[in-house]
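The values are calculated or read from the model by the stated rules, or taken from the named source; none is laboratory data. Computed from a prediction, not measured in an experiment: that's the story for all the values here. Every residue, glycine as well, gets a Cβ built from its backbone with ideal geometry; the counts of neighbours run over all protein chains shown.
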Amino acid sequence: MTDDLGTPHLRFERRGPLGWCIIDRPASRNALTSRMYFGIRRAVDLVNRDADLHALVITGVGDVFCPGGDLRRDVQQADSAAAPVDIGELIGSDILPFNAIRQSRAPVVSAINGICQGGGLTIAMLSDIAVASERATFRGPELLRGITDTWYAQVMPAHIGVALTRDLMFTGRRLDAEEAVRHGLISRLAPHDGLEAAAEQAAREILQSAPEARMHFKRIVNAGYGLIDEATFASSLRGAEVREGMAAFAEKRSPDWVPEVYRTGGRL
């Protein structure tokens, strides 16, 4: 395998025994295209297949880690921002990196440099260690878009409990980095300017443990997430609610399921 991740918006860098996957699409706030989702999955595979690499760090540029998928139809044309994407095509289960991260023998560390939501939050939760900048924020907006995200439904309660999961997902409200660590959504907090060093330190600490024993332990712990209902997720992405949710996002309005008196007059 080469170090090319199949898109100019992902960079793969070798830093000693660590591979770094850097989400680099600042003009679109690091929103992921289907190629980028697949490229992150490829980065996981690359590290696992290369004897010179022992762990993967995923991070972003600027003030955004990852907001999830790009919600525009034609992400190659800047003037298409108002056109909603076919979300089912964007995040099909054969493209997403989540299972690869969950099953990766090589440790995966997320260095969360800013906004973390959508697929970015799933990546953070599935990482072996997630280190957040003090400036990071966390949000699960899927239900505001009409998406039944079954990854969130299985993974998030294992981190923060059922009550807080319902609160965050039903309302789409944000947590700051300190709250996210306090509630157990992610595990470490670092000064913004020291984030990369803190992520490297986390990887170094993980790599002190025995690989075979660590992998078995990881497998048993991650089994606690249970079976992800990917069929329901896929069906949701093709449904009427997601079409309305995407249209509302593009048109910067509340979806039509919101009672009229509670509509904000802007994007949720």
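Of all residues in the stretch 255-268, which are closer than 27 Å to Val162 by Cβ and surrounded by 14 or more Cβ atoms within 10 Å (Cβ to Cβ)? So that I can check it myself, show each step before the final result.
Let us first name the residues in the stretch 255-268 that are closer than 27 Å to Val162 by Cβ, namely 255, 257-259, 262, 268.
Pro255, Val258, Leu268 - these are the residues of the stretch 255-268 that are closer than 27 Å to Val162 by Cβ and surrounded by 14 or more Cβ atoms within 10 Å (Cβ to Cβ).
Any idea which of (1) without any contact (Cβ under 8 Å) to a residue 24 or more places away in the chain; (2) more than 17 Å from the chain's Cα centre (by Cα) is the one Val47 doesn't satisfy?
So Val47 meets the others, but not (1).
Residues are listed down the side, and each one gets a yes or a no for (1) at pLDDT below 95; (2) out of contact with any Leu (no Cβ under 9 Å at 6 or more places or on another chain); (3) crowded, with 23+ Cβ neighbours inside 10 Å; (4) farther than 28 Å from Glu205 by Cα:
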residue: Val57; (1), (2), (3), (4): no, no, yes, no
residue: Ala100; (1), (2), (3), (4): no, yes, no, no
residue: Pro107; (1), (2), (3), (4): no, no, yes, no
residue: Gly114; (1), (2), (3), (4): no, yes, yes, no
residue: Ala132; (1), (2), (3), (4): no, no, yes, no
residue: Gly140; (1), (2), (3), (4): no, no, yes, yes
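Search the stretch 1-57 for residues being aromatic (Phe, Trp, Tyr) and in contact with a strand residue (DSSP E or B) (Cβ under 9 Å, 6 or more places away or on another chain), and hand back the single one that is nearest to Ile95 (Cα to Cα). Give the derivation first.
Here is the first cut: in the stretch 1-57, the ones aromatic (Phe, Trp, Tyr) are 12, 20, 37-38.
Within this subset, residues satisfying the condition of being in contact with a strand residue (DSSP E or B) (Cβ under 9 Å, 6 or more places away or on another chain) are 12, 20, 37.
Values: Phe12: 18, Trp20: 20, Tyr37: 6 Å.
Ranking the qualifying residues of the stretch 1-57, first place goes to Tyr37.
Select from the stretch 211-230 the residues that are surrounded by 12 or more Cβ atoms within 10 Å (Cβ to Cβ) and either outside any helix (DSSP H, G or I) or touching a Ser or Thr at 6+ places or on another chain (Cβ under 6 Å) (or both) and write down the one among them that is modelled with the lowest pLDDT.
In this case the residue turns out to be Glu230.
Is there a residue being surrounded by 14 or more Cβ atoms within 10 Å (Cβ to Cβ), part of a loop (DSSP other than H, G, I, E, B) and acidic (Asp, Glu) anywhere in the stretch 231-250?
Scanning the stretch 231-250 turns up no residue that is surrounded by 14 or more Cβ atoms within 10 Å (Cβ to Cβ), part of a loop (DSSP other than H, G, I, E, B) and acidic (Asp, Glu).
Among (1) modelled with pLDDT under 95; (2) touching a Leu at 6+ places or on another chain (Cβ under 8 Å); (3) surrounded by fewer than 21 Cβ atoms within 10 Å (Cβ to Cβ), which single condition is Thr2 missing?
Against the list (1) modelled with pLDDT under 95; (2) touching a Leu at 6+ places or on another chain (Cβ under 8 Å); (3) surrounded by fewer than 21 Cβ atoms within 10 Å (Cβ to Cβ), Thr2 comes up short only on (2).
Checking the structure you have, find out if any residue of the stretch 21-40 is over 29 Å from Ala250 (Cβ atoms), modelled with pLDDT of 95 or more and crowded, with 20+ Cβ neighbours inside 10 Å. First the steps, then the outcome.
Step one: filter the stretch 21-40 for residues over 29 Å from Ala250 (Cβ atoms), giving none.
No, every residue in the stretch 21-40 fails to be over 29 Å from Ala250 (Cβ atoms), modelled with pLDDT of 95 or more and crowded, with 20+ Cβ neighbours inside 10 Å.
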